[in-house]
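All remarks here apply to the structure that follows.
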Amino acid sequence: MNLFQKLEGMGHEQVVFFQHKDSGLKAIVAIHNTALGPALGGLRMWPYASDDDAVKDVLRLSRGMTYKAAVSGLNLGGGKAVLIGDPAKDKSEGLFRAFGRFIGSLGGRYITAEDVGTTVDDMDYIYQETDRVVGVHRVHGGSGDPSPFTAFGTLQGIKACLQKKYGHDDPGKASFAIQGAGSVGYYLAKFLSEAGAKVFVCDINAERVQHIVDEFGAEAVSTDQIYDVDANVFAPCALGGVINENTLPRLKFDIVAGSANNQLETNDHGTALEERGILYAPDYAINAGGLMNVAIELQGYDRDRAYRMVSSIRDIISRIFLLAERDGIPTWQAADRLAEERIAMISKVKIPYTKRFKDRLSGRRSHTTEMMG
Ligand code: NAD
């Protein structure tokens, strides 16, 4: 891989490799864009087959965080970290504390959080070395499980979709096929059932499905049948890449709106969805509730504020639909454009001379004077 060519192409600012032999730490932090603020993104622990695979993953994920934060109206940039190792075997206090010390050395440019393969307990070790971490335990001012917020945000996005497609925003008048009965799928099924909606659900884990059937009266379907369900909305809440050339011809839904990351196998599949008359709520915009929730930790966590902010997802999705209509582009592209326009605008707003900059200058001058004296 020609790394610098790749960084230039994807627009990354900085990539940092950390190694610490005694703890076994091999980590990469990618900071994609800090025009809006410090780069925030989770720490993924995974037994990557090669260093190249780890680099590719961290570059892709950190870029995604820039777009997610930007479209969500957050004053945060995009970053991500990967830790090479098996989360089932290779975790230790030393590993996460070493990682904490290293990211502390980045001077606040990167803030870490939980991701695939890491937990709140791991974040607590990192927190012993640096405060540049969110998603810590509630006793330290953390925000706890993000899934209910992600599901609540997804529900707000669904309301925007219903409004656009049917001229009403009542989930109780619609039917839903939820793929994945995990943390987010569970809460989404709960919120939709409470609103009076008809809910179909599937999962490879039969116990999780049964739980939702028993608790909310949902109807179980198989993991293959889910694509053929006759419902208004398909809500992918499990895997990425589920909108692809095999599934597309089967979908009879009017709307695709769910929490899963990277739902489109490629952007072309998003365009093909629209050509079939199916409205798509871009994944990184509709599933930003979890990010908004942890971001509030940085100002002192407040649950009510978190819910208020997550409610804004309805407006964000509506704005994406308006832009798509105005510019005659698919919704996935409108989301990207909204994010890019915000980054470009805020970068320009930051140009004028500020007092903070002046303080820094005078600090340097007195330091220089001291040295000369
Ligand atoms: P989870 O691991 O709790 O649940 C995922 C569920 O999907 C599991 O129950 C799993 O058995 C099921 N599953 C796996 N393969 C499947 C298949 N082929 N068919 C049907 N079900 C299958 O994860 P989660 O936290 O609920 O997240 C769900 C999705 O939302 C993921 O894509 C995640 O990246 C995304 N997301 C989650 C959050 C959050 O706050 N948890 C935030 C943003 C995005």
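Look at Ala189 and say whether it is under 30 Å from Ala69 (Cβ atoms), within 13 Å of the ligand (Cβ to nearest atom) and modelled with pLDDT of 95 or more. Against the criterion (under 30 Å from Ala69 (Cβ atoms), within 13 Å of the ligand (Cβ to nearest atom) and modelled with pLDDT of 95 or more), Ala189 qualifies. Considering the range 48-59, and only residues there that are touching a residue at least 40 places away in the same chain (Cβ under 8 Å) and surrounded by fewer than 19 Cβ atoms within 10 Å (Cβ to Cβ), the residue that is nearest to Thr118 (Cα to Cα) turns out to be Lys56. List pairs: first in the range 210-231 and assigned to a loop (DSSP other than H, G, I, E, B), second within 11 Å of the ligand (Cβ to nearest atom) and β-branched (Val, Ile, Thr), Cβ under 7 Å, 6+ apart or cross-chain? That search, which allows pairs on different chains as well, returns Ala218/Val201; Ala218/Ile212; Thr223/Ile204; Val229/Val221. Give the residue that is surrounded by the fewest Cβ atoms within 10 Å (Cβ to Cβ), with candidates limited to residues of the range 160-186 that are under 22 Å from Ala295 (Cβ atoms) and within 16 Å of the ligand (Cβ to nearest atom). Out of the qualifying residues, it is Ser183. Apart from one condition, Thr266 fits all of (1) under 21 Å from the mean Cα position of the chain (by Cα); (2) without any contact (Cβ under 8 Å) to a residue 24 or more places away in the chain; (3) within 13 Å of the ligand (Cβ to nearest atom); the exception is (3). Of all residues in the range 171-209, count the ones that are more than 27 Å from Asp115 (Cα to Cα) and part of a loop (DSSP other than H, G, I, E, B). The number of residues fulfilling the criteria is 4. Comparison of Ala281, Ala260, Ala288 shows that the only residue that is surrounded by fewer than 24 Cβ atoms within 10 Å (Cβ to Cβ) and touching a residue at least 24 places away in the same chain (Cβ under 8 Å) is Ala260. Here is a check on your reading of the model: is Gly157 in the same structural domain as Glu325 (by TED's automatic domain parsing) and either at pLDDT below 95 or within 16 Å of the ligand (Cβ to nearest atom) (or both)? For Gly157, the condition - in the same structural domain as Glu325 (by TED's automatic domain parsing) and either at pLDDT below 95 or within 16 Å of the ligand (Cβ to nearest atom) (or both) - is met. Please go through the range 160-170 and pick out each residue that is over 16 Å from Lys252 (Cβ atoms) and either aromatic (Phe, Trp, Tyr) or not in a helix (DSSP H, G or I) (or both). Result: Gly167, His168, Asp169, Asp170. Is it the case, given these coordinates, that Leu273 is buried (at least 16 other Cβ atoms within 10 Å of the Cβ) and more than 11 Å from the ligand (Cβ to nearest atom)? So Leu273 fits the description; yes. For the range 207-220, filtering for residues that are within 10 Å of the ligand (Cβ to nearest atom) and either among the acidic types (Asp, Glu) or surrounded by fewer than 17 Cβ atoms within 10 Å (Cβ to Cβ) (or both) leaves 1. Give the residues of the range 5-33 that are part of a loop (DSSP other than H, G, I, E, B) and under 23 Å from Val116 (Cα atoms), sorted by residue number. His12, Ser23, Gly24 - these are the residues of the range 5-33 that are part of a loop (DSSP other than H, G, I, E, B) and under 23 Å from Val116 (Cα atoms).
Every residue, every condition in (1) hydrophobic (A, V, I, L, M, F, W, C); (2) touching a helix residue (DSSP H, G or I) at 6+ places or on another chain (Cβ under 8 Å), yes or no:
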| position | (1), (2) |
| --- | --- |
| Leu188 | yes, yes |
| Lys198 | no, no |
| Val209 | yes, no |
| Asp214 | no, no |
| Ile226 | yes, no |
| Gly241 | no, no |
| Asn244 | no, yes |
| Arg250 | no, yes |
| Val256 | yes, yes |
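Residues of the range 139-154 being assigned to a helix (DSSP H, G or I) and more than 16 Å from the ligand (Cβ to nearest atom), which ones? Val139, His140 - these are the residues of the range 139-154 that are assigned to a helix (DSSP H, G or I) and more than 16 Å from the ligand (Cβ to nearest atom). Applying the condition of being in contact with a Phe, Trp or Tyr (Cβ under 8 Å, 6 or more places away or on another chain), outside any loop (DSSP other than H, G, I, E, B) and more than 14 Å from the ligand (Cβ to nearest atom) to the range 232-255 and asking which residue is farthest from Phe176 (Cα to Cα) yields Arg250.
Going by the conditions given, is Ile243 of a type in the set (A, V, I, L, M, F, W, C) and within 21 Å of the chain's Cα centre (by Cα)? Taking the combined requirement at face value, the residue satisfies it.
The values are calculated or read from the model by the stated rules, or taken from the named source; none is laboratory data. Just so it is clear, the structure is predicted and the values come from calculations on it, not from any experiment. Note: ideal-geometry Cβ built from the backbone for every residue, glycine included; neighbour counts use all protein chains shown.
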